[in-house]
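Have a look at the structure below before the remarks.
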Amino acid sequence: MDGLTPAAIVAALDTYIIGQRDAKRAVAVALRARIRRAQLPDDLRDEVSPKNILMIGPTGVGKTEIARRVAKLVDAPFIKVEATRFTEVGFVGRDVESIIRDLLETSVDQVDSRRFEEMRPEAERAADERLATYLLQQRESPAPARRATARRGGGRRSGPNPAVAEQPGSSDESRRQQRQRLLTQLQARQIEGEMVEIEVEIAPTEGYDLDGLDGLEGAAPAGRGRRAPAGPEYRTRRLPVADARRILTDQEADQLIDWDGVLDEAIRRVEDGGIVFLDEVDKIVGGGDGGPNVSDEGVQRDLLPIVEGTTVTTRYGPVKTDHILFIGAGAFNGVKPSDLIPEFQGRFPIRVELSPLGEEELYAILTEPANALVRQYTALLATEGVTLTFEDEALREIAALAAGLNERQEDIGARRLATIMERTLEDISFDAPDHAGETIAIDAALVRDRLGDLADDEDLSDFIL
């Protein structure tokens, strides 16, 4: 983190995002301020609050991408939410505190995945040990006998059946040698397709928080790290060894991972490094043509405590929001940032305006970013054995068409490029399996042939482009 200077952050963002230097600089400074805050004495550290940012600009110019990329760069818990999803407390709808709960769920998944990867080698070794035991018992015991045992047990157990009972007449030394051979084959991945019967945990289906219900009565979903409160139930499944190893590795990792430690770290990461991207802030400005409603000023007032700093109760424990970075965004076409209620304005002290994308910027977006559309389509068709090449004139033509359509219709920024590219390559993508081994060149004439008349016909382009 210390090496992430503002200049380094901007340079990393330049790899994926064209232009918008002011917005990149604002986000870079906000993130560097977090690094500086972490080095302060404890008594002063708590007094330094994040400098929340309000991004102003049309859709498709990079607002969301800047926030998402920078969160990935610093490995911070990140969530994007639309302000219009929420309603004022007391009305039907999602309450704003669910933002923090969802952010914490993201953080828990990140920490859990990281701990799982750390424990994977040990968990896989333990899974192979169990598989060797299952396979040995399976080869020694006839299948009908195993099924009869399962039927007598009802197929459901409150704990995993170790399936390790030694068979009468089998010497200890013989079984040990057989088991060792199986273990060697498993570790060498030589019997991945062999079928094996294992004990699989049954995921509970009741008592959990469902989508849209933000109360705290639900428990965490069962699965690796999320243990059912009443204890899991198991049933027998017959699977290929490769699939069985994955399931058993999850079960073993569940036993190795300190779930309380996961929660503690996840909460700390949210409190000290969480990023919330709050989109469509302009849509909750009150006093529009339709008059006030439950999604405008009331939502702003409900958001105030979250943005300012409060404690939100979650299923994993209380979470303080004092140092979470909030990035608001909106087009602000019919309204101005000054139309937001004063208290809400004051919580976003840094404002940056993102510029609309012109023809040159759209051309650069096609070719320069690491995830440029040209590279994506070339790689996709290469999987079919088709070599796709784009002439520079064709890319210029695509950029000019996109810029012209954005001027005549609703300006959707770089998103227009995806529509035009898809339309241009529609026939090639459809027939690609028939052209394996061929090289197809995209030139300006092909682009004009596919899109020229359509782009000029305003009635058609309104619906298709």
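The numbers here are math on the coordinates, done by the rules we state, and not lab data. Since the structure is predicted, the reported quantities are computational estimates derived from the model, not experimental observations. So basically every Cβ, Gly included, is an ideal-geometry build from the backbone, and we count neighbours across all protein chains shown.
Only counting other Cβ atoms within 10 Å, I'd like ARG68, ARG269 sorted with the fewest neighbours first.
Numbers: ARG68 15, ARG269 20.
Ascending Cβ contact count within 10 Å gives the list ARG68, ARG269.
What pairs in LYS72/LYS336; LYS24/LYS51; LYS63/LYS283; LYS51/LYS72; LYS24/LYS72 have C-alpha atoms more than 23 Å from each other? Intermediate values should be presented prior to the final figure.
Numbers: LYS72/LYS336 30 Å; LYS24/LYS51 14 Å; LYS63/LYS283 16 Å; LYS51/LYS72 19 Å; LYS24/LYS72 14 Å.
Among LYS72/LYS336; LYS24/LYS51; LYS63/LYS283; LYS51/LYS72; LYS24/LYS72, the Cα-Cα distance tops 23 Å for LYS72/LYS336.
In what order do SER98, SER338 fall by count of nearby beta-carbon atoms within 10 Å, going from fewest to most? Can you show the working numbers first?
Values: SER98 18, SER338 9.
The order, fewest Cβ neighbours first, is SER338, SER98.
Using the Cα centre as the reference, give the magnitude of the dipole from point charges on the C-beta atoms of the range 279-434 (Lys, Arg: +1; Asp, Glu: -1; all else neutral), rounded to the nearest 20 debye. List each step's numbers first, then the result.
Numbers: 13 positive and 29 negative charges, 175 e Å.
That gives the range 279-434 a dipole magnitude of about 840 debye.
Please report Rg (one decimal) and Dmax (integer) in Å for the Cα set of the range 260-386.
Reported Rg and Dmax, both Å: 20.5, 59.
How large is the Kirkwood hydrodynamic radius of the range 359-452, in angstrom, based on all distinct alpha carbon pairs?
Numbers: mean 1/r = 0.0742 Å⁻¹.
Radius from the Kirkwood sum: 13.5 Å.
Where the Cα atoms of the range 307-465 are projected onto their three principal axes, how long is each span, largest first, in whole Å?
The Cα atoms of the range 307-465 stretch 61, 39, 26 Å along their principal axes.
Along each principal axis of its Cα atoms, how long is the range 15-121 end to end? Whole angstroms, biggest number first, please.
Reported extents, whole Å, longest axis first: 44, 37, 36.
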